[in-house]
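Okay, so here's the structure we're looking at.
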Amino acid sequence: MAEQRFPVEASHILMFARAIGDPNPAYSDPDSPEAKAAGGIVAPPTFSMASWQFQDEHPLRPDPAKPWFGSGKEPTGRVSSGGGGGGGGGGGLHAEQHFEYHQPLRPGMVLIATTKPGKTWEKESRRGGTLKFSENVTEYRDESTGELVVTARGVGVRTERPVSKEA
Amino acid sequence: MTVKRNDIKVGDSKTQVVFDNLTRSQIVMYAGASGDYNPLHSDEIFTTKVAGYPSVFAHGMLSMGATGRVLTDWFGADGLTKYGVRFVNQVWPGDTLTATATVDAIREEDGIAFADLTVSTTNQDGQPVVTGTATARLDS
């Protein structure tokens with residue numbers, strides 16, 4: 001059971017809101033009517049995914065001290081684990097993501113994220129061959145109160161072959 | 001920003017274009033902000049030559065995040081109690097994404113009113129890319 005600290009910062013919320021293309025001032029301007037209506041700046045609903053930034057090591061973040069599977073001089077720095085890894089569910093592509101919000105997520109909060117593996121299952125698909133699904137559940141708690149802020153459930157899928165609209 | 005219970009009814013719907021001609025740079029922004037640097041989303045050489053896809057493609061979470069706009073613009077940035085989706089088709093550079101949220105039910109729990117919604121986002125070909133559900137808190 002992995003546990004991880006996630007300090008929630010206003011500048012990170014601003015960057016994240018820009019990255020999802022959402023200009024809502026509730027995410028950046030405390031004096032805006034939108035932020036006031038929300039009781040102050042809040043984070044966008046999917047922001048807790050950005051906790052990956054605060055993991056000491058992450059398989060989907062390049063580390064200059066290690067080979068990286070993306071391109072450099074060559075198209076790949078090492079043998080791919082098949083389909084690239086990743087997804088909120090812990091493998092392959094991201095199949096599903098579900099959030100429950102227990103209280104607003106605000107800048108200044110420090111979250112403690114605890115992740116537990118969930119179910120695994122398989123399905124046959126015409127496009128991707130045998131699909132292997134795996135689930136994980138992450139609870140984000142406010143470090144200062146211990147109260148739940150967000151519960152996130154991710155499902156990842158590993159495919160036998162690349163899946164795209166042209167496949 | 002919260003919606004009042006009497007101002008909303010089952011069947012009400014909102015639709016919004018959340019990305020028009022999604023760019024690779026936008027996808028790179030999402031990688032940088034989220035911490036998901038999977039080369040499938042930013043590294044065209046790896047993605048086409050090694051992974052075997054026709055091009056880089058967006059993070060599912062970029063589509064889910066963008067889809068959330070139709071909900072938070074309607075119910076307020078702190079208005080949701082639940083939001084969940086399935087990623088049903090990939091999103092490619094150049095795609096235009098249109099998100100729709102529809103009220104399925106209005107109900108009360110412990111004296112608080114909630115709207116249960118269906119959400120779906122389609123690309124320019126009308127194919128769904130994200131489908132899911134959400135629940136928003138309503139003012140009495």
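The values are calculated or read from the model by the stated rules, or taken from the named source; none is laboratory data. Just so it is clear, the structure is predicted and the values come from calculations on it, not from any experiment. We place every Cβ from the backbone using ideal geometry, glycine too, and count neighbours over all the protein chains shown.
Table for the structure above
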read-out	value
Any hit, the stretch A:94-108, residues being within 24 Å of A:GLY21 (Cβ to Cβ), at pLDDT 90 or above and more than 12 Å from every other protein chain (Cβ to nearest Cβ)	yes
Pairs where the first residue, in the stretch A:100-122, is free of Cβ contacts under 8 Å to residues at least 40 places away in the same chain and the second is polar (S, T, N, Q) and surrounded by 15 or more Cβ atoms within 10 Å (Cβ to Cβ), C-beta under 8 Å, 6+ apart	A:PRO117/A:SER134; A:PRO117/A:ASN136; A:GLY118/A:SER134; A:GLY118/A:ASN136; A:LYS119/A:SER134; A:THR120/A:SER134
Filter result for B:GLY11 (assigned to a loop (DSSP other than H, G, I, E, B), more than 30 Å from A:GLU9 (Cβ to Cβ) and modelled with pLDDT under 95)	no
Pairs, first closer than 16 Å to B:LEU97 by Cα in the stretch B:61-76, second acidic (Asp, Glu) and surrounded by fewer than 24 Cβ atoms within 10 Å (Cβ to Cβ), C-beta under 6 Å, six or more apart	B:ARG69/A:ASP22
Hits in the stretch B:89-105 - residues which are surrounded by fewer than 18 Cβ atoms within 10 Å (Cβ to Cβ) and either under 20 Å from B:ASP12 (Cβ atoms) or of a type in the set (Val, Ile, Thr) (or both)	B:THR96, B:THR100, B:THR102, B:ASP104, B:ALA105
Residue that is modelled with the lowest pLDDT [pool: residues in the stretch A:29-62 that are crowded, with 19+ Cβ neighbours inside 10 Å and part of a loop (DSSP other than H, G, I, E, B)]	A:LEU60
Candidate set from the stretch B:16-57 (those that are surrounded by fewer than 18 Cβ atoms within 10 Å (Cβ to Cβ) and of a type in the set (Asp, Glu)); member that is farthest from A:MET15 (Cα to Cα)	B:GLU44
